[in-house]
Amino acid sequence: MNSNKSNIGKILFNPKKSSILNIVNKQPKTVKEIAHSLGESPSRLYYHIKQLEDAGLLNVAKEEMVGNISQKYYITSEVFEREFTFDGQLANQNKDLIIGNLCAYTNEAIRRVEIDLESEKLEKDSEISVVSLRLTKEAWRKLNNKIRDIITTFGEENGDLGEEQLYKYILMSYKEE
């Protein structure tokens, strides 16, 4: 097992680190700009940024001198993946982390759906789909990969459709007993 892949997976499950990566995914930003986007003080982000740099997920795009201070602009590296799949031995070795974060993501998704359903507005910000399909195990794996590919490339292909906002997808599939 690649321990670097395990460490990257753990980093991506960290909400603050994940938010930092999403903020600098397309455009380099300073720690001050990142902090402003997160509503945080810059001093609270240096530890997280250092960990992201050490993991190879964040790069310094450029440095500028502002007075006597060197100001770094950060951007995601080519290694950064917006989606990460735990499977096989990696999944087995990180089961507590996976289950804990899956519960947190799922609870947040349910909370957002509940807010939408209780809202009077007609245009909702969440959507639920439940689809059942008969497949072979190999076809199921192939479909899962295709769905992930569609989601990860969709934003790049359709970035000109208006103001971008961050949407999370939680894709779970299981064999029904």
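The values are calculated or read from the model by the stated rules, or taken from the named source; none is laboratory data. It should be emphasised that the depicted structure is a prediction, and the values quoted were computed from it without experimental measurement. Virtual Cβ from ideal backbone geometry, glycine too; neighbours counted across all protein chains shown. With ligands, DNA and RNA removed, areas are computed over all heavy atoms of the protein, side chains included. Shrake-Rupley method; radii C 1.70, N 1.55, O 1.52, S 1.80 Å.
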Residues that are among the polar types (S, T, N, Q) and in contact with a Ser or Thr (Cβ under 7 Å, 6 or more places away or on another chain), drawn from segment 27-72: ASN59, GLN71
field: Single condition ALA91 does not satisfy, out of (1) within 23 Å of ILE151 (Cβ to Cβ); (2) modelled with pLDDT of 85 or more
entry: (2)
message: Suppose we filter segment 111-153 for residues that are aliphatic (A, V, I, L, M), under 20 Å from SER173 (Cβ atoms) and open to solvent by less than 100 Å² (accessible area, probe 1.4 Å); how many remain?
response: 7
query: Somewhere in segment 154-177, is a residue modelled with pLDDT of 80 or more, over 22 Å from the mean Cα position of the chain (by Cα), open to solvent by 90 Å² or more (accessible area, probe 1.4 Å) and of a type in the set (D, E, K, R)?
result: yes
- line: Wholly inside segment 1-85, helices (runs of 4 or more DSSP H) that include 1 or more residues that are at pLDDT below 85 are 3-13, 15-23
message: For the condition within 18 Å of the chain's Cα centre (by Cα) and basic (Lys, Arg), what is the one hit in ARG111, ARG148, ARG141, ARG134?
response: ARG148
